[in-house]
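The block underneath contains the structure these notes are about, expressed in structure tokens.
The values are calculated or read from the model by the stated rules, or taken from the named source; none is laboratory data. From a predicted model like this one, the values you see are computed outputs, not experimental measurements. Glycine gets a Cβ as well: all are built from the backbone with ideal geometry, and neighbour counts include every protein chain shown. Side chains included, ligands, DNA and RNA excluded: accessible areas come from the protein's heavy atoms. Shrake-Rupley method; radii C 1.70, N 1.55, O 1.52, S 1.80 Å.
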Amino acid sequence: MTLTRRLLLLALISVLPAIVIWAFTEVSLRRAREAEVNDLAVRQAQLVGAELERIFDGIHGLLLAVDETPSIRTFDTAACSPYLKAIQEKVPYVLSFVAMDISGHIRCRPTGTVDTQHYYADRPYFHNALGMKGFVVGEYTPVFDEGALGPHPVLPLAVPIWNDRGDVVGVLAAALDLKWLSQKLKERTVPTNGSVTIADRRGIVIVQDPSPEGLVGKLLPWDYLAQARANEVGTAETVSVDGVRRVVGYIPLALPPKDIYINVGLSTKAAFASINQAAKRGFMLIAAALVLALSLSWLASRAFITKPFEIMTNAVKDWRRGDYQARINLPKKSGEFGILAKAFNDLMDDVAERQEALKASEERARLALEAGHMGTWWYDHRKRIGGWSSQAALLLGFPALETTVDPQEWRSLIHPEDELSAVEKLKAAVLGNGEYEDEYRVRRPDGRVRWISSKGKVSYDANKKPTFLVGIIQDITERRQVDEQQRFFLDELNHRVKNTLATVQSIAAQTLRSAESTAQFKEAFEGRLLALSMTHNLLTLKSWREADLHDIAEQELAPYKRESDERVVIDGPRVNLPPRYAINLGLVLHELVTNAAKYGALSVPTGRLNLSWTVTPAKDRPSQLRIRWTETGGPPVQPPKRQGFGSRLIRRSIEGELDGCMALNFAVTGVSYDISVPLPG
């Protein structure tokens, strides 16, 4: 056999394995690609499901926040309708918010109108929200009459409305714009040449792309209905509404997101285009290699084996170093190595996509931490160094890029009064079960003091020695301030109740000692309690901050004032008295009125009473309130033989309680009082 024939035979023999390898690789790659496409279709469907859950969770959180509003819980239309309008304007993808009472009547909506003529208790989402007592996703609705909207496809989402006693009193619903949802999903989740179909629990299509006019608002085709009723995620190959053959991944109604069917399709032509092109190119390379094998065996060996192998090896080394953007760049005619390089490049493209997805997930977690005023922290116990996230740095008053910290720097942030306790609790967690939780104050670099809630978990090695700590911190300053304010109000209420009881006890004891009979005690005691109660009412109207002297005088002398006569004259400027002054001056005026009605000017029709006051300001001492009480035209005046409790109460209130002075004049024309009291600053 000649050398040429031997070389030809050798070329044939050498090419035969290449042909076998090419065929095997082609089949393997096609099967692998089929598995990849099926897996990718399922992952695309899961991505759509995750996007839907994110949108639903956002609306759910918004509905819960709106549900906490007092005007919504009480169906205060004047307040809740403008509030819902303001909320709706900030979330344009929600076309309307509606609050309905337990009977299904419209009580609040952005238009400001109330519809008590119709009721919407027959809506499925209304029944489900009341039955489940939680967040529900409704069904395709072409016209949302509840929100006074025109024909526009929406998806209702609803939560029950709870009152302050914990009872369900109605339903709060939001109308999600399905046109916006379709556009949003198309932009974020639908691949090139792909399709997406989403249906509600009844099988009515709410999102369809492409060709939405073919299915939206209609029942799913029978093969899609079978997928919707399945028990697990799956794939299938079918012809879509637009006539394109696709591999679809679907999520049935029974899986999250519940009550929503999702179907995402990938074009088979686009999915296998690279495989078909690589197969064609490989076949051509094998034919060329067979023709040139005899004359170019060494060059072919160098060009198509050694060099491509080095390129692939270098690319693998780059991948191991973390450079996921590196690719195997072989010459176009690289035979089986070109196919293998394409497969590896496709694999690395998937890895790069997963890296991007991981970055997106981390970004969502970062946004969630920012929304909750939270940040993360960590500490390496072996290296004795720690740090925190950029969110935590901003929360503590540091630049976002300053993310490393040592233990001493951390301790310097803690308020001196809380430092020892915070360190001890952290040590206890390290030496205990590894669970850490604490609340303490920190001093930010700008001088502000904030309350921090910190939680964490300790990791241990095989020898039970601590290796790593990781946790989160949250700014709880506002919550602590609310707690402190509640304690202050309780202490203030307790103080005022004690003071009132002490005043009542003193009045009762003094009245009992001065009363000559039970009836006299009852009359005097009830009158003084009524005066105290009336003054309390005036203070309550002003939240116990102040009461006007003119109002106190008017209510005490009201029984003796008549229209069109000047028997009783009250004259004086408006003077706002603090609680202690109001109570004491109210009792004083009550005693003066009682004495005048029994023995003085108010006991006879011809009697006259003039009550006036002035306020004299001063620079270096408190302003003086001067009160003049003058009676005329009454019975002859005689100084009393003994001082009763009423007189003692007047003098003790003015001179003892208010640090003032009083002059009493028993003139022939009538008794008069001249009272002077220093006013608080």
So the carbon and sulfur contribution to the accessible area of the range 546-681, 1.4 Å probe, in percent, is 51
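Quick one: dipole size for the range 129-260, taken about the Cα centre, charges +1 on Lys/Arg Cβ and -1 on Asp/Glu Cβ, in debye to the nearest 20. Walk me through the intermediate numbers first.
Values: 13 positive and 15 negative charges, 45 e Å.
Roughly 220 debye, rounded to the nearest 20.
Tell me the relative contact order for the range 51-201 as a rounded percent, counting alpha carbon contacts under 8 Å between residues six or more apart.
On the way: 280 pairs, mean separation 33.8, N = 151.
Result for the range 51-201 is 22 percent.
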Quick check for you: which residues of the range 31-56 have the amide N under 20 Å from the point 7 Å beyond the Cα of Arg188 toward its beta carbon?
41-56
Dipole of the range 390-479, positive direction: furthest Cα of Ile476, Leu401, Ala428, with charges on the beta-carbon
Ala428
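Can you give the relative contact order of the range 633-681 as a percent, counting alpha carbon pairs under 8 Å and 6+ residues apart? Please list the in-between numbers first.
Values: 50 pairs, mean separation 18.8, N = 49.
For the range 633-681, the relative contact order is 38 percent.
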Dipole axis of the range 193-298 (+1 Lys, Arg; -1 Asp, Glu on Cβ), positive-most option in Ala273, Ser195, Val239
Ala273
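For the range 574-681, what is the accessible area per residue in Å² when the probe is 1.4 Å?
Values: 5610 Å² over 108 residues.
Accessible area per residue, the range 574-681: 52 Å².
Report the extension gain between Glu53 and Trp162 in nm, rounded to one decimal, defined as 0.36 nm multiplied by the number of residues separating them, less their alpha carbon distance.
Values: separation 109, 0.36 × 109 = 39.24 nm, distance 2.41 nm.
Stretched out fully, the Glu53 to Trp162 stretch lengthens by 36.8 nm.
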Please compute the modelled spin-label separation between Val449 and Ala78, points set 7 Å along Cα→Cβ, answer in nm with one decimal.
4.2
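For His118, what charge total do you get from the other residues with a beta carbon under 10 Å from its beta carbon, if Lys and Arg give +1 and Asp and Glu give -1? Walk me through the numbers before you get to the answer.
Values: positive: none; negative: Asp115, Asp145, Glu146.
The answer is -3.
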What aspartates and glutamates does Lys641 reach when the alpha-carbon gap must be under 17 Å and sequence neighbours fewer than 8 apart in one chain are set aside?
Glu516
Quick one: Karplus J couplings for the range 228-241, per residue in order, coefficients 6.51, -1.76, 1.60, θ = phi - 60°, nearest Hz, x for Gly and Pro?
5, 8, 5, 9, 8, 5, x, 9, 7, 10, 8, 9, 6, 4
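In debye, nearest 20, what is the charge dipole magnitude of the range 573-681 about its Cα centre with +1 on Lys and Arg Cβ and -1 on Asp and Glu Cβ, if you could check?
Numbers: 13 positive and 7 negative charges, 17 e Å.
Using Cβ point charges on Lys, Arg, Asp and Glu, the range 573-681 gives about 80 debye.
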As an exercise, identify the chymotrypsin sites (Phe, Trp or Tyr not before Pro) in the range 388-479 lying in DSSP coil whose Cβ has no more than 10 other Cβ atoms within 10 Å.
none
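With a sphere of radius 13 Å drawn around the Cβ of Phe272, what net charge do the other residues whose Cβ falls strictly inside it have (Lys, Arg +1; Asp, Glu -1)? Provide the component values of the computation, followed by the final result.
Details: positive: Arg30, Arg31, Arg33, Arg245, Arg246, Lys269, Lys280, Lys342; negative: Glu26, Glu34, Glu36, Glu237, Asp346.
So the environment of Phe272 carries a net charge of +3.
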What figure in square angstrom, to the nearest 10, would you give for the accessible area of Phe135 with a 1.4 Å probe?
50
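Quick check on the range 98-208: take the gyration tensor over C-alpha atoms, sort the square-rooted eigenvalues as a ≥ b ≥ c, and tell me if it's rounded (a/c under 1.5), prolate or oblate.
Details: a/c = 2.49, a/b = 1.88, b/c = 1.32.
Taking the square roots of the gyration eigenvalues as a ≥ b ≥ c, the range 98-208 is prolate.
Find how much the distance from Lys258 to His415 grows on full extension, using 0.36 nm per residue of separation minus their present alpha carbon separation; answer in nm with one decimal. Display every interim value, and only then the final one.
Numbers: separation 157, 0.36 × 157 = 56.52 nm, distance 4.78 nm.
Full-extension gain reported as 51.7 nm.
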When the label point is put 7 Å from the Cα of Lys641 along its Cα-to-beta-carbon vector, which residues of the range 579-600 have a backbone N closer than 19 Å?
599-600
Each residue of the range 593-601 in turn: what ³J(HN,Hα) in whole Hz from Karplus with 6.51, -1.76, 1.60 and θ = phi - 60°, glycine and Pro shown as x?
5, 4, 5, 5, 6, 8, 10, x, 5
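So how much slack lies between Arg43 and Val291, counting 0.36 nm per residue of separation and subtracting their Cα-Cα distance, in nm? Kindly include the intermediate steps, with their values, before the conclusion.
Working: separation 248, 0.36 × 248 = 89.28 nm, distance 4.52 nm.
Roughly 84.8 nm would be gained on extension.
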Accessible surface, the range 107-175, averaged per residue in Å² (probe 1.4 Å)
44
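Efficiency by 1/(1 + (r/R0)^6): what FRET value for Tyr119 and Val482, r their Cβ-Cβ distance, R0 = 35 Å, to the nearest 0.05?
On the way: r = 39 Å, r/R0 = 1.10.
Step by step, r from the Cβ atoms, then E = 0.35.
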Give me the one-decimal nm value for the distance between modelled label points at Ala597 and Ala226, 7 Å along each residue's Cα-to-Cβ direction.
9.4
